[in-house]
Amino acid sequence: MKTMNLIFGILILVTTFISCRDKRDPGRVYMPDMAYSRAYEAYAANNLKQNGINYINYPVEGTVRRGDLFAYTIPNDSNGYKMAVTVKNPLTALDSNQMLEAQRLYNINCAICHGENMDAQGPLAVSGKVGGIANLKLDQFIKQPEGQMFHVVTYGKGNMGSYAAQLDRKQRWMVVQYVKSEQVKGSAAAKDSSSITPAAKDTSSTAQK
Ligand code: HEC
C-alpha cells in the first residue's frame, strides 16, 4: 500500500510539473477544429480554392483588368511632357450621351478655374485666388495635342493639380475630348465653317490631330 501511495504521489507531482509549465501555452489540443477557426481571413494571404479557382489571390502583376485602359507610363517630367504629344486618345469619338457626361465631369473638376466656356473666367480665376490659369480658347491650346492635355490632367502643371485621383483614365480622356470639341466652338476655325453642324465640326477638328 505504501509503494502505491508513493507511485501516486510521484505521478501527481510529475503531472503538475508537466502541465503547469507556461500559463499562455494551451498545451495539447484534442479538438483543433474547435480551438482554431477554419474560416479564412478575407485579406490574408492564403490559398482558398473553390472549384479550382483561387478567389482571394491578387491579380497577376502587369496585367490589365478586362475593359480597363492601359496604364499611362510616360513619366512626370519635362521630357514626358514633350513625349506626351505623340500619345493618341484611345477612345473612339464620344456619342452625345458620353459627351454630356464628359461636360458634367469638366464642369465639376475644371470649370472652377478654366470657366464653363474655357476662357479662364472660372470663379477662382475671377477672384484672383489662383493665378496663371490657361485660357483654353487661345490658339496654342486649341493646337495642343490631346495626349499632352491628358498628361497635364494626369500629373498637373504649375498651379494646376493632378486629376488622376478624381478622374480615372477613361474619364480623363473623355474630358480631354470634350475640351477639344468645345475649344473650336466660336473660334476663328468654327466661324469659317458656320454652316457645318457641330458634330461634323468635331470630326474635322479631331481629323487634323
Ligand atoms: C485650381 C485651378 C485649376 C483647375 C481646377 C484646373 N486647372 Fe487646368 N490649369 C490651371 C493653371 C493654373 C494652368 C496653367 C499651368 C501652367 O502652365 O503653369 C492650367 C493649364 C491647363 C492646360 C494647359 C496645359 C499646358 O500644357 O500648358 C490644360 C489643357 C488644362 N489646364 C486643362 C484642365 C482640365 C481638363 C481640368 C479639369 C480636369 C483642369 N485643367 C483643371 C488651373 C486649373
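Tabulated values for the structure
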read-out: Inter-residue pairs, beta-carbon under 9 Å, first of a type in the set (Asp, Glu) and at pLDDT 95 or above and in the stretch 83-105, second outside any helix (DSSP H, G or I) and surrounded by 15 or more Cβ atoms within 10 Å (Cβ to Cβ), 6+ apart; value: Glu101/Leu94
read-out: Residue match in the stretch 140-147 (condition: closer than 27 Å to Ala71 by Cα, buried (at least 17 other Cβ atoms within 10 Å of the Cβ), more than 7 Å from the ligand (Cβ to nearest atom) and of a type in the set (A, V, I, L, M)); value: yes
read-out: Positions within the stretch 68-103 being open to solvent by 70 Å² or more (accessible area, probe 1.4 Å) and under 19 Å from the mean Cα position of the chain (by Cα), in sequence order; value: Phe70, Thr73, Asn76, Pro90
read-out: Count - residues of the stretch 116-138 that are open to solvent by 90 Å² or more (accessible area, probe 1.4 Å) and assigned to a helix (DSSP H, G or I); value: 1
read-out: Filter result for Gln177 (within 7 Å of the ligand (Cβ to nearest atom), surrounded by 19 or more Cβ atoms within 10 Å (Cβ to Cβ) and of a type in the set (S, T, N, Q)); value: no
read-out: Residue pairs meeting the criteria (Cβ under 7 Å; at least 6 apart or on separate chains; first within 6 Å of the ligand (Cβ to nearest atom), in the stretch 151-168; second of a type in the set (Phe, Trp, Tyr)); value: Val153/Tyr163
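The values are calculated or read from the model by the stated rules, or taken from the named source; none is laboratory data. Source: prediction; values computed, not measured. Positions of Cβ are backbone-derived with ideal geometry, glycine not excepted, and every protein chain shown enters the neighbour counts. Only protein heavy atoms, including side chains, enter the accessible area calculation; ligands, DNA and RNA are left aside. Shrake-Rupley method; radii C 1.70, N 1.55, O 1.52, S 1.80 Å.
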